[in-house]
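Note sheet for the following structure.
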Amino acid sequence: MISSLRGYILVFVGVVFFATSLPFSALAVSGFDPFTAGVGRSALGGLLSAATLLILRPPLPRGDQWRRLIYAGVGTGFIFPFFTNVGMSTVAPDDGAVVIAVLPLSTALFARFIEPERRLNAWFWIGSLLACGLVAAFILREGFGGVSAGHLALIASLLVGFSYAWAGRIAREIPAWQVICWASIMALPVQFLGFAVLWPTLDFVASLDAWAGLIFGALGAQWAGFFFFYAGFAIVGAARGSLVQYLQPFITILIVAVVSFTFPDPQMFLYAGAVILALFLTRMRSIGH
């Protein structure tokens, strides 16, 4: 019980870092093209990871661990940062948060097959679907403007759930900080190739706000946050740990409110409380018990 609680707390700390992702992405795309804002953030995370490994010099991964790290790296190092920034360049932050709210469900579905030994009963799926619906309902209270190309890009970003699930599995074999560092390095060749091909079309002249969004997005959501996130996954599993991300939109709103010196909508607390109750359903052992 204590171990599970520790796992959920670690995941929650990681989610707090991730909650800064959309605001920082919005800042970054205000001055950079989506490719530079998204893949550039990821590349900065990869360089930080390389420096970390050079300083601490952990043992090299073994055998099949390399393949799993590639699976973990492709989503966090390219798919998610690229497609979220493409989406955020044309989609309002609230609409973007709706798609991100589905990410825990995506992770759980992938984890169902990648971590079959961690069994998930009917209550897990009932609670998860209810939490997902509550988050979407909260964000869509003001209506939804329809699906655009930006929304499709954000939907594509949900494939990162595949990488999260693999990272959670390998984090049971090597420390979480090594998982994200090695996985980030796996993505660097693809990122550098993309920059080499697109270099003539990219513009690196941007405002300080855009640079701040890029750099702080790399430090938190792309790097440090995963230290805690994957450490929690190693304890409770990717499927159950990912449920904490249902709280991410609410945390994002709180962060924005604090930074802008405003008070969030009081209804947010009611919805957040309902989501937490839905998450408790996922802990029930079986139907009828």
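If you check F263, F280 for being surrounded by fewer than 20 Cβ atoms within 10 Å (Cβ to Cβ), over 30 Å from S49 (Cβ atoms) and free of Cβ contacts under 8 Å to residues at least 60 places away in the same chain, only one passes: F263. Taken together, L53, L22 contain a single residue that is out of contact with any strand residue (DSSP E or B) (no Cβ under 6 Å at 6 or more places or on another chain), aliphatic (A, V, I, L, M), part of a helix (DSSP H, G or I) and modelled with pLDDT of 90 or more, which is L53. The set of residues in the range 154-198 being at pLDDT 90 or above and among the β-branched types (V, I, T) consists of V160, I170, I174, V179, I180, I185.
Is it fair to say V236 is among the β-branched types (V, I, T), modelled with pLDDT of 90 or more, surrounded by fewer than 24 Cβ atoms within 10 Å (Cβ to Cβ) and within 30 Å of M284 (Cβ to Cβ)? The answer is yes for V236. Residues that are among the polar types (S, T, N, Q) and over 21 Å from P116 (Cα atoms) were ranked within the range 154-198; the one that is surrounded by the most Cβ atoms within 10 Å (Cβ to Cβ) is S184. Of everything in the range 53-94 that is within 13 Å of the chain's Cα centre (by Cα) and hydroxyl-bearing (S, T, Y), the residue that is surrounded by the most Cβ atoms within 10 Å (Cβ to Cβ) is T84. Of the helices (runs of 4 or more DSSP H) lying entirely inside the range 184-289, those carrying at least 3 residues that are closer than 20 Å to L130 by Cβ and out of contact with any Lys or Arg (no Cβ under 6 Å at 6 or more places or on another chain) are 238-242, 248-260, 267-281. Do we find that T20 is more than 23 Å from W166 (Cα to Cα) and of a type in the set (S, T, Y) in this structure? The answer is yes for T20.
Every residue, every condition in (1) assigned to a helix (DSSP H, G or I); (2) of a type in the set (K, R); (3) in contact with a helix residue (DSSP H, G or I) (Cβ under 9 Å, 6 or more places away or on another chain); (4) modelled with pLDDT under 90, yes or no:
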| position | (1), (2), (3), (4) |
| --- | --- |
| G77 | yes, no, yes, yes |
| T84 | yes, no, yes, yes |
| T90 | no, no, yes, yes |
| D95 | yes, no, yes, yes |
| V98 | yes, no, yes, yes |
| L105 | yes, no, yes, no |
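The values are calculated or read from the model by the stated rules, or taken from the named source; none is laboratory data. This one's a predicted model, so the numbers in the text were calculated from it and none came from an experiment. Here the Cβ is made from the backbone with ideal geometry for all residues, glycine too, and neighbour counts use every protein chain on show.
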